[in-house]
Amino acid sequence: MRSWSSPEVPSIADSGLGAGPVVRVHDTATQRLRSSDPTQTARLYVCGITPYDATHMGHAATYLAFDLLQRVWRDHGLDVDYTQNVTDVDDPLLERAQATGVDWTELAEREIELFREDMTALRIIPPANYVGAVETIDLVVDMIDQLDERDAVYRVDDDLYFDVHADAGFGSVSGLTEDAMLQIFPERGGDPDRAGKKHPLDCLLWQSERPGEPSWETRLGRGRPGWHVECAAIALEHLGTNFDVQGGGSDLVFPHHEMSASEATVTTHEPFAQAYVHAGMVGYEGEKMSKSKGNLVLVSKLRAAGHNPMAIRLALLAHHYRSDWEWFGEEIAVAEERLAAWRAAVSRPVAPSGSAIVEAIRAAMSNDLDAPSALAAVDEWAEDDAAADPQAGRTVRTAIDALLGVKL
Ligand code: ZN
């Protein structure tokens, strides 16, 4: 699938300041910060959208978090191999298409295009491999065959299920107890009570054709892939095993990332990813912002209302990616003021030391992508009226662009 166009990412090293530090990120599986320092190329998988509605601030915050990670890796001198999927056939998409009388492929296409436009406006680095579920059917079928060879697949009616206990390490991503898993599973698409399952937590791999729904003719019969195996198959195909970071919103920890990791591990006998990194949830009017609740603040609406995308980006950067936070409308005005102050500050002919502030931004961002601390450091530099460095404006502009993705 076509990705979106990449923003230019300038090199701080070209300003004579060398390479940035190794990044440390919080790994959900171990509940610790861990250094991510691959030899040459960092491999990243981030779960993409189900395209049935427009990009809201919660999505934007998640994709921004992994954009920041790529920027810190790049500043350290690494290449980044980034894959993201689009779940372009799934229940919520089909339900929305049916409810609104729109063809499901048209709905998906329209929302994916809007997502591309939002990501481009926010200067989010695109994946090299942007892959849809629909174009992945053969890969998923191959993976289910391999799981079957390992006795990890069974049939319930004409649907295929993954036996989660085929993976001795099941549960190691989320660290949840079985009771906690059983509570969350039905809230996030699982079907613990379906008759005929060996274990309530076993998850759907292949859904046989349902009347009026799209399906594909395969050697597994007519049907369509489950969500977890879709991501596992795409990640293994494009990144291989044990890639550096599996990312997404914190609502994907269980069951989605747990299941994908188990399915991949049973298939390959290798770890799926080295670290599982999760972005917090964005709330609005007292609840998690979600399509199903309908309490959405849309990036496209903010843009249409005339807000500068760089101010939207700054409003998001003011929150640490791991924190859960609530969107209040006035944040955009604060971000617009900050943008204006920074623009004025980098335009000064002589400013306080550029190398010190670059070091502060690098230190903050390599410490679990601590954007709020980086913003505070730039604010302080912008307010400081010591005239010491005629190169500082240009250097700081480059660093803000390279590490925070804000073009001044
Ligand atoms: Zn996924």
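The values are calculated or read from the model by the stated rules, or taken from the named source; none is laboratory data. All values reported here derive from a predicted model rather than from experimental measurement. A quick note on method: Cβ atoms are made from the backbone with ideal geometry, for glycine too, and the neighbour counts reach across all protein chains shown. Accessible surface areas use protein heavy atoms only, side chains included; no ligands, DNA or RNA. Shrake-Rupley method; radii C 1.70, N 1.55, O 1.52, S 1.80 Å.
Out of the strands (runs of 3 or more DSSP E) lying entirely within the stretch 94-168, which hold 1 or more residues that are open to solvent by 20 Å² or more (accessible area, probe 1.4 Å)?
Correct list: 129-132, 153-156.
Listed here are the residues, each with its yes/no results for (1) within 12 Å of the ligand (Cβ to nearest atom); (2) aliphatic (A, V, I, L, M); (3) not in a loop (DSSP other than H, G, I, E, B).
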position	(1), (2), (3)
180	no, yes, yes
214	no, no, no
222	no, no, yes
229	yes, yes, yes
255	yes, no, yes
270	no, no, no
276	yes, no, yes
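Mind telling me which of the residues 264, 232, 275 ends up being more than 29 Å from residue 157 (Cβ to Cβ) and either touching a Leu at 6+ places or on another chain (Cβ under 9 Å) or hydrophobic (A, V, I, L, M, F, W, C) (or both)?
275
Which of the residues spanning the stretch 214-227 are under 19 Å from residue 191 (Cα atoms) and open to solvent by 20 Å² or more (accessible area, probe 1.4 Å)?
Passing the criteria: only 227.
Could you list all residues from the stretch 195-212 that are out of contact with any strand residue (DSSP E or B) (no Cβ under 9 Å at 6 or more places or on another chain) and either outside any loop (DSSP other than H, G, I, E, B) or under 20 Å from residue 98 (Cα atoms) (or both)?
Result: 211, 212.
Run down 29, 19, 97 and say which single residue is in contact (Cβ under 8 Å) with a residue 24 or more places away in the chain, of a type in the set (A, V, I, L, M, F, W, C) and closer than 27 Å to residue 360 by Cβ.
19
Just checking, does the stretch 64-77 include any residue being aliphatic (A, V, I, L, M) and either within 16 Å of the ligand (Cβ to nearest atom) or under 22 Å from residue 134 (Cα atoms) (or both)?
Yes, the stretch 64-77 contains at least one residue that is aliphatic (A, V, I, L, M) and either within 16 Å of the ligand (Cβ to nearest atom) or under 22 Å from residue 134 (Cα atoms) (or both).
Would you confirm, using the coordinates I've provided, whether residue 348 is assigned to a helix (DSSP H, G or I), open to solvent by 40 Å² or more (accessible area, probe 1.4 Å) and over 29 Å from residue 33 (Cβ atoms)?
no
For residue 237, are the conditions met, namely being in a helix (DSSP H, G or I), more than 13 Å from the ligand (Cβ to nearest atom) and more than 17 Å from the chain's Cα centre (by Cα)?
Yes.
Within the group 8, 113, which residue is over 30 Å from residue 391 (Cα atoms) and of a type in the set (Asp, Glu)?
Just a single option satisfies the conditions, and that option is 113.
Which ones in the stretch 291-325 are open to solvent by 60 Å² or more (accessible area, probe 1.4 Å) and charged (D, E, K, R)?
Passing the criteria: 293, 301, 303, 322, 324.
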